[in-house]
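The numbers here are math on the coordinates, done by the rules we state, and not lab data. Bear in mind the structure is a predicted one, so any value in this text is a computation, not a measurement. Cβ atoms come from the backbone with ideal geometry, glycine included; neighbour counts cover every protein chain shown.
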Amino acid sequence: METEGFTHFFNDKTGLKMTGQTFTAHPKIDPKTGNMIAFGYASTGLCTDDCTFYEVTPEGELVHEIWFKVPYYCMMHDFGITEDYAVFNIMPSIGSWERLEKGLPHFGFDTSMPVYLGVLPRREGATGDDIRWFKTSNSFNSHVMNAFQEGSKVHFDIPVAKNNMFPFFPDVNGAPFNGQEAMSYLTRWTVDMASNSDAFESEVQLTQTAGEFPRIDDRFAGQPYRYGWMLEMDYRRPVELKGGSAGGLLMNCLCLIDHQTKTEQHWWCGPVSSLQEPCFIPRAKDAAEGDGWIVQICNRLEEHRSDLLLFDALDIEKGPIATINIPIRMRFGLHGNWADAEDVGL
Ligand SMILES: [Fe+2]
């Protein structure tokens, strides 16, 4: 790998070099191979429909690059992997040079356009022509909880909202932001690679709990899995946020979803606090799924500081088992990740 930056992955053995211009903020690690799986959109420049798929070994060698095109240019923020596929959700937070020349925000939401799910084989020799596009009706969807295969079926779990969740990327026709329709609910999309249709096989809302920023035990990325955690938006609780939440989103609860028992747990951070993304830490490398801790930052808005909270990952309802008082106020971010020191060479 060249040293000038992560956007220049290079394989000494094959000479394969990353040729796209962009790289997602949400790469995944394949738990079976350790490879980093990633993509880029607008890969030949702003507002282009060219995309790239990448697979990079733990040593930083690019072993796979596939170019493909999407049905329309849009904000492609996250994606899913399974053992055999990379799966891309295309939703109409769209952009164009016309918008940029008018001085509009890069992206705007178009309620008239369909949503697509693209399933790209990861196998050696696959090309962009091998991607299959499945189509469904309009919605807003962004971060992905997980994806996995079951026979010829591909399941894709993602919070879905009826309408735009981003007031800062407003409706392209000027419709006012609709907070009620911006509530997202974890939904399982299923497509069947054995079918001859481009329709989704099913779209099942998995919960009545509004939430985003879904996370899993990352050792189960792309695999059948049982547990997911999310930031929950619970407007039934008293709220005195004093303007202090990233993106204007109310994130006042941590939620645990058990897909196997179809049960949930919830923990509320209080009326004058907001939460940042939960992250799972396994108790040990070979611990069972979910056996470990959740770590997340809590913004204490009244006191202008932050706490780092640790939970028993499968018993969040009892509250944090440890609270680390941070003497300063962390900025309002949302994403967070955990890395074992040994995994990052420390
Ligand atoms: Fe993100």
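Having 1 or more residues that are under 18 Å from Asp218 (Cβ atoms) is the bar; report the strands (runs of 3 or more DSSP E) wholly within segment 233-346 that clear it.
Ranges flagged: 253-258, 279-282, 292-300, 305-312.
So which residues in segment 268-299 are over 14 Å from Arg215 (Cα atoms) and surrounded by fewer than 20 Cβ atoms within 10 Å (Cβ to Cβ)?
Trp268, Gly270, Pro271, Val272, Arg283, Ala284, Lys285, Asp286, Ala287, Ala288, Asp291
Spot the failing condition for Phe107; the list is (1) of a type in the set (Phe, Trp, Tyr); (2) closer than 24 Å to Thr127 by Cβ; (3) within 16 Å of the ligand (Cβ to nearest atom), and only one is missed.
The failed condition is (2).
Of all residues in segment 139-157, which are touching a strand residue (DSSP E or B) at 6+ places or on another chain (Cβ under 6 Å) and either free of Cβ contacts under 8 Å to residues at least 60 places away in the same chain or within 19 Å of Ala194 (Cβ to Cβ) (or both)?
Answer for segment 139-157, where residues must be touching a strand residue (DSSP E or B) at 6+ places or on another chain (Cβ under 6 Å) and either free of Cβ contacts under 8 Å to residues at least 60 places away in the same chain or within 19 Å of Ala194 (Cβ to Cβ) (or both): Ser139, Phe140, Asn141, Ala147, Phe148, Ser152, Lys153, Val154, His155, Phe156.
Kindly state which strands (runs of 3 or more DSSP E) lie completely within segment 96-185 and contain at least 3 residues that are over 22 Å from Glu83 (Cβ atoms).
Working: elements: 115-121, 132-136, 146-150, 153-161.
In segment 96-185, 153-161 are the strands (runs of 3 or more DSSP E) which contain 3 or more residues that are over 22 Å from Glu83 (Cβ atoms).
Would you check which residues across segment 40-77 are within 16 Å of the ligand (Cβ to nearest atom) and either surrounded by fewer than 16 Cβ atoms within 10 Å (Cβ to Cβ) or more than 23 Å from Leu100 (Cα to Cα) (or both) and list them?
Answer for segment 40-77, where residues must be within 16 Å of the ligand (Cβ to nearest atom) and either surrounded by fewer than 16 Cβ atoms within 10 Å (Cβ to Cβ) or more than 23 Å from Leu100 (Cα to Cα) (or both): there is none.
What residue, among those in segment 78-95 that are within 16 Å of the ligand (Cβ to nearest atom) and in a loop (DSSP other than H, G, I, E, B), is surrounded by the most Cβ atoms within 10 Å (Cβ to Cβ)?
Applying the filter and picking the extreme gives Met91.
Can you tell me which residue within segment 22-39, out of those that are part of a strand (DSSP E or B), farther than 26 Å from Trp97 by Cβ and touching a residue at least 24 places away in the same chain (Cβ under 8 Å), is nearest to the ligand (Cβ to nearest atom)?
That would be Lys28.
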